[in-house]
1. What is the one condition in (1) modelled with pLDDT under 80; (2) more than 23 Å from Val131 (Cα to Cα) that Gly184 does not satisfy?
2. Which residue out of Gln310, Gln329, Gln252 is outside any loop (DSSP other than H, G, I, E, B), surrounded by fewer than 11 Cβ atoms within 10 Å (Cβ to Cβ) and at pLDDT 70 or above?
3. Being at pLDDT below 80, closer than 19 Å to Pro383 by Cβ and surrounded by fewer than 17 Cβ atoms within 10 Å (Cβ to Cβ) narrows it down to one of Ile290, Ile269, so name that one.
4. Out of all the residues in region 213-221, is one or more among the hydroxyl-bearing types (Ser, Thr, Tyr) and not assigned by TED's automatic domain parsing to the domain that holds Ser38?
5. Is it true that some residue in region 2-19 is β-branched (Val, Ile, Thr) and at pLDDT below 70?
6. Would you pick out the residues in region 390-419 that are assigned to a loop (DSSP other than H, G, I, E, B) and either within 21 Å of Ile487 (Cβ to Cβ) or touching a helix residue (DSSP H, G or I) at 6+ places or on another chain (Cβ under 6 Å) (or both)?
7. Tell me which residues, restricted to region 395-444, are without any contact (Cβ under 8 Å) to a residue 24 or more places away in the chain and under 22 Å from Gly479 (Cα atoms).
Amino acid sequence: MKLSAESRRFHFNIRHIILIFVVTFLFLAVSSYVNTLSKNNLFSRTTDIYRKSSIENLADLTATSLELLLEQVIINPDQYSEKKQGTIHGFDMILSQQTLRENIKEICVLIYHADAVFAIDNGNELYSYFVENELPPDFKQQLHRPAIKIFQSVEDEMQSEEDIYSFTDEDHLFHIIVPMMLDGEYSGALYMRIGVDYRSLIKEISIGYSNISIIFTALIMLGLLSMFYLSSFMVKERDTALRHLFEEQQAQLKQNVELQKEQHFARRIYHTHHKAEKIMGYIKNDLRNISSTNPENETEKISKYASYIQRVIYDMKSYNPPLNTIRNQAFQSDINEIIRFIVTNVFGRPESIGNLEIINSDLDKNLPIVHINEFVIWEILEPLIHNSIDHNPDKKITIQIQTQYDPDTKTSTISISDNGVGIDPTLLEKDEQGIQKLFLEHTTIKTQSENSGYGCYIAYQICNKRCAWDLKAYNTEYGGAQFIITIFHTEGNTNE
């Protein structure tokens, strides 16, 4: 169990096994190929050395011994004729001593006579030819026919150079031809065919190369395993460091997100508190000034104020309220009536006039009802009207509110415009998401408060994201600002 647990730390899988197998197989294949080349090269070099240092010397020594004996016989024929059998025995001794060796396959003396080549392989025939001028029998020529052909093919070259000629055939047999010089004249050649048994030598070489291959294969496998271990260890350490770094970054990111949420929530609370505080002031004044002549209207107005505050507080504590609290078939909201209430009871009060001179309304009586919570519509319209007042502090402002319904396209529009200085053109530009910068969070031209820039942002978020309406800002021809809300009526949400 412990060994299994330790092995799992190294992250070995089928790819590692396949890689080890492939590398080992390739090394063995290359090693086998290199061994074959090396053995062939070694065998070739060994053959050349053996032929030069041993075989050619053996053939040259044999030819020299025959030359010396033949010269003595030719110079003193009478003396050696009396000792014919001894002379023949001497020739046989020289030739037979070589044939007794296991690796010498053929030996003969090749001579020219009347443009023909004859082969002599014993002392009697050799004595008969050089002393008695008798040619060897024909059957011997058939026996040594391959040697005669080899001699005829190289005889001119060997005679001109007067040097030993040797080569190795396909069966690894050595063929040596040594020119014979009698009294300084070329008289023929000694031919020897020698075979050497390399099997034991090749076997030993193969065993040596195989042992070396096994050792190097083991070293390579050990190296690969070491590399896998080191790489696995390094990858594990890297993964651990990356995991710690990721966890730290994740914690830091989470902390930053939470901080941003808190800051955003604080700004929204400030903005909402400001609106609620203002409406609460209206409620207190209306309660103090309530009269007995028309208490129902005052009560209804105060009830609407309270409902608006309730909606504001609900939005404050619920960043993404359920859709059915905004859009619902149960809501039957008259936009014209909402505009009239806001103009009369919010912006028509003496304490809220400020630099506002007048609000003119041109409301289309054919405007359909909408299935949107009326206090949500109030949250859209109120900050847009305030925007015209707040951004024109140096002059009296006239605001024009107009509604219009187009039955052909089934769309309604709400236009809020003023005669002020207008909107900074840079704020009318769109970002990469196609949203005008005026409606981005915390975007404003006012510098007196860090909590500014949320009125148009909240109006846009409620209008476009929650009510599925369209809100855009423009500058009018006479220089003032204009907000246009487009409402797309679908079947089932109009009063037609």
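The values are calculated or read from the model by the stated rules, or taken from the named source; none is laboratory data. Computed from a predicted structure; not experimentally measured. Methodologically, a virtual Cβ is constructed for each residue, glycine included, from the backbone with ideal geometry; neighbour enumeration extends over all protein chains shown.
1. Failing condition for Gly184: (2).
2. Gln252
3. After ruling out the rest, the residue left standing is Ile269.
4. So far as region 213-221 goes, yes, one or more of its residues are among the hydroxyl-bearing types (Ser, Thr, Tyr) and not assigned by TED's automatic domain parsing to the domain that holds Ser38.
5. Checked region 2-19: at least one residue is β-branched (Val, Ile, Thr) and at pLDDT below 70.
6. Residues satisfying the conditions are Pro407, Asp408, Thr409, Lys410.
7. Asp424, Thr426, Glu429, Lys430, Lys437, Thr443, Thr444, listed by residue number.
One line per residue, one yes/no per condition, for (1) at pLDDT 80 or above; (2) touching a Lys or Arg at 6+ places or on another chain (Cβ under 9 Å); (3) aliphatic (A, V, I, L, M); (4) in a loop (DSSP other than H, G, I, E, B):
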| residue | (1), (2), (3), (4) |
| --- | --- |
| His89 | yes, no, no, no |
| Met93 | yes, no, yes, no |
| Gln98 | no, no, no, no |
| Glu106 | yes, yes, no, no |
| Phe118 | yes, yes, no, no |
